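For reference, the structure discussed in these notes is given below.
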């Protein structure tokens, strides 16, 4: 069995939500064993993003400006503005904000992602898996991206979706999260 076949996500953890009408903000925190500079590169470099993120970027996200992001499951790229790129601590683009804080010899990575409330548990489950894949990539044991419909095929995704829905006090959605991916 390969590492990818053996992959099983851990329990739902490190998540909270902030509510503002139909748009909610998912906040996920993950402790990584890698320095902020290494994590920053994985968050901004298109080659790294292709290995773990739910989108591909046509240019680096490491400088303020316009990039095109193609989210998994969407047919065309979305023009997205990088509004803040303070290496290696804060990155903002579209409806996403990343904060990287040195924590011991690693990094406390915090993601804020505005998502339609109907798909917040889907987003949490998806980003949870992306974070796991990111951690393996940074550790030198990449398993390749597990995103979109492929992520949903993992038994662990269904469990995570239900666990996050319970934590957030919402019902588990039962239709594809295309609206969430376009946020």
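The values are calculated or read from the model by the stated rules, or taken from the named source; none is laboratory data. Quantities reported herein were computed from a predicted structural model and do not represent experimental measurements. Positions of Cβ are backbone-derived with ideal geometry, glycine not excepted, and every protein chain shown enters the neighbour counts.
Number of residues in segment 146-172 that are assigned to a loop (DSSP other than H, G, I, E, B), in contact with a helix residue (DSSP H, G or I) (Cβ under 6 Å, 6 or more places away or on another chain) and buried (at least 19 other Cβ atoms within 10 Å of the Cβ) equals 1.
The selection criterion, being surrounded by 21 or more Cβ atoms within 10 Å (Cβ to Cβ), under 17 Å from residue 148 (Cβ atoms) and in contact with a strand residue (DSSP E or B) (Cβ under 6 Å, 6 or more places away or on another chain), holds for residue 57. Evaluated against (1) touching a residue at least 40 places away in the same chain (Cβ under 8 Å); (2) crowded, with 18+ Cβ neighbours inside 10 Å; (3) not in a helix (DSSP H, G or I), residue 112 falls short on exactly one condition, (2). With within 25 Å of residue 47 (Cα to Cα), part of a loop (DSSP other than H, G, I, E, B) and at pLDDT 95 or above as the only criterion, which of 88, 75 stands out? Going through 88, 75 in turn, the sole match is 88. Listed conditions (1) at pLDDT 95 or above; (2) assigned to a loop (DSSP other than H, G, I, E, B); (3) surrounded by 14 or more Cβ atoms within 10 Å (Cβ to Cβ) are all met by residue 63, apart from (3). Among the candidates 69, 100, the residue that is surrounded by 20 or more Cβ atoms within 10 Å (Cβ to Cβ), in contact with a helix residue (DSSP H, G or I) (Cβ under 6 Å, 6 or more places away or on another chain), modelled with pLDDT of 95 or more and part of a strand (DSSP E or B) is uniquely 100.
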